[in-house]
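S.K.: Handing you this structure, nothing more for now.
The values are calculated or read from the model by the stated rules, or taken from the named source; none is laboratory data. Bear in mind the structure is a predicted one, so any value in this text is a computation, not a measurement. Please note: Cβ atoms are built from the backbone with ideal geometry, for glycine as well, and neighbour counts cover all protein chains shown.
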Amino acid sequence: MPEADDHGEKSFFPDVPASREPFFLKGACAYDWGMQNRLARIFQAGSGRTVMLAFDHGYFQGPTSGLERLDLNIVPLAPHADALMLTRGALRSTIPPTYIGGIVMRASGGPSILKDLSNERVALDMEDAARMNVHAVAVQVFVGGEHETQSVENMTRLVDSGYRYGIPVLGVTAVGRELTRDARYLGLATRICAELGAQFVKTYYLEEGFERVTAGCPVPVVMAGGKKQPVLDALTMAYRAVQEGAAGVDMGRNIFQSAKLRATQPEFHQLRRAE
């Protein structure tokens, strides 16, 4: 029989109510522990913010400028980001398994830049996402586009399977050339993604009305970096987005196509070889 506990009076503190800290992220208090834990790998617990490095462009653009060599151009930057947004091919072929930041994986695809991009399908099985230990999957949603219903269904299918595995879904609001990029449209698109289950949403910054977009979305909004801009313009846009309610930024071209970064690459890689 086990020995009696004779180490003195036990302290159960019956007058102290049991406590549980509320989860820090907007709209996420009711999620399962596993999904909250994965979100905490993407967003910083202290601030609720994130800086994501996006380099999933190759899934429809191929080796675009700045992404010719992921091992040389991206891997050295990875430790400086809270999370990486990438494809499963890039993760398995290039990212060291010692990387400890968040992983947001592209889960939709199909057409290349030569076709209508809105005609996407689900391109990742959630079981494989779980096998790779990713922390969220990302899907394009083309609200107002020709294949709107199909893209929304892509997202909802991923949301359903994401709940089975405890993996959050990032709804990415895609804006085609024929769609007006204003607060009314982005407010509609982000709200649809959130209402249909996305745990966080990525959208573009607006000079006017962005605070209404973020306030009207019940889950965190991450600002998309968009096209390449001068460094100061990109940083100013990111600052304003966060001041107006964004939970962070997802930058791609404004990082890996930076002239300063590309200019220092030869010296950096010579140093690596010397080591």
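S.K.: Which members of region 183-203 meet the condition of being hydroxyl-bearing (Ser, Thr, Tyr) and surrounded by fewer than 20 Cβ atoms within 10 Å (Cβ to Cβ)?
M.R.: If we filter region 183-203 for residues that are hydroxyl-bearing (Ser, Thr, Tyr), which is where we start, we get 185, 190, 203.
Passing the criteria: only 185.
S.K.: Related question: If you check every pair at least six apart or on different chains, which have Cβ atoms under 6 Å apart with a residue in region 84-97 that is over 18 Å from residue 138 (Cα atoms) first and a residue that is surrounded by 16 or more Cβ atoms within 10 Å (Cβ to Cβ) second?
M.R.: 94/70
S.K.: Based on what the data block shows, is residue 69 closer than 22 Å to residue 223 by Cα, surrounded by 12 or more Cβ atoms within 10 Å (Cβ to Cβ) and either over 17 Å from the mean Cα position of the chain (by Cα) or at pLDDT 95 or above (or both)?
M.R.: So residue 69 fails the test.
S.K.: Consider residue 75 carefully, then state whether it is in contact with a helix residue (DSSP H, G or I) (Cβ under 7 Å, 6 or more places away or on another chain), surrounded by fewer than 19 Cβ atoms within 10 Å (Cβ to Cβ), among the aliphatic types (A, V, I, L, M) and part of a loop (DSSP other than H, G, I, E, B).
M.R.: Working: in contact with a helix residue (DSSP H, G or I) (Cβ under 7 Å, 6 or more places away or on another chain): yes; surrounded by fewer than 19 Cβ atoms within 10 Å (Cβ to Cβ): yes; among the aliphatic types (A, V, I, L, M): yes; part of a loop (DSSP other than H, G, I, E, B): yes.
Taking the combined requirement at face value, the residue satisfies it.
S.K.: Can you tell me which residues in region 93-130 are of a type in the set (Val, Ile, Thr), over 17 Å from residue 54 (Cα atoms) and not in a loop (DSSP other than H, G, I, E, B)?
M.R.: Narrowing region 93-130 to residues of a type in the set (Val, Ile, Thr): 94-95, 98, 100, 103-104, 113, 122.
Then drop every residue that is not over 17 Å from residue 54 (Cα atoms), which leaves 98, 113, 122.
The one that is of a type in the set (Val, Ile, Thr), over 17 Å from residue 54 (Cα atoms) and not in a loop (DSSP other than H, G, I, E, B): 122.
S.K.: Sticking with this structure for a sec: Scan region 118-140 and report the pairs whose first residue is touching a residue at least 24 places away in the same chain (Cβ under 8 Å) and under 18 Å from residue 151 (Cα atoms) and whose second residue is part of a loop (DSSP other than H, G, I, E, B) and of a type in the set (Val, Ile, Thr), with Cβ atoms within less than 8 Å and a gap of 6+ or a chain change.
M.R.: Pairs found: 126/167; 136/167; 137/167.
S.K.: I want to confirm something. Restricting to region 11-32 and keeping residues that are hydrophobic (A, V, I, L, M, F, W, C) and under 27 Å from residue 161 (Cβ atoms), which single residue is surrounded by the most Cβ atoms within 10 Å (Cβ to Cβ)?
M.R.: Residues of region 11-32 that are hydrophobic (A, V, I, L, M, F, W, C), as a first pass: 12-13, 16, 18, 23-25, 28-30.
Those left that are additionally under 27 Å from residue 161 (Cβ atoms): 23-25, 28-30.
Details: 23: 19, 24: 16, 25: 22, 28: 20, 29: 10, 30: 8.
Checked region 11-32; the qualifying residue surrounded by the most Cβ atoms within 10 Å (Cβ to Cβ) is 25.
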